[in-house]
1. How many nm is it between the label spots at residue 2 and residue 52, if each spot is 7 Å from the Cα in line with the beta carbon?
2. Among 2, 8, what is the fewest-to-most ranking by other Cβ atoms within 10 Å?
3. Normalise the Cα radius of gyration of the chain by 2.2 N^0.38 Å (N = residues in it) and let me know the number.
4. Over the chain, what is the relative contact order in percent, taking alpha-carbon pairs closer than 8 angstrom and at least six residues apart?
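Nothing in this text is a laboratory measurement; each read-out follows from the coordinates by a stated rule. Keep in mind the model is a prediction, meaning the values are calculated, not measured. Counting neighbours? That spans all protein chains shown, and the Cβs are built from the backbone with ideal geometry, glycine included.
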């Protein structure tokens, strides 16, 4: 799918969020990456195979986990 050189990280890569933006809709809170990942403003992700990954942004300092 990716035509960039070097290619964007694959969906299975730990750095998949560094792929190039294909579409960015901050008013709706999501972006589509070149590797097919839908990245949400809250850092959750929807992968091309339908798997959903929960948000993973760090907690504020002093917040209980």
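1. 2.6 nm
2. The order, fewest Cβ neighbours first, is 2, 8.
3. 1.22
4. Working: 94 pairs, mean separation 13.0, N = 65.
Relative contact order of the chain: 20 percent.
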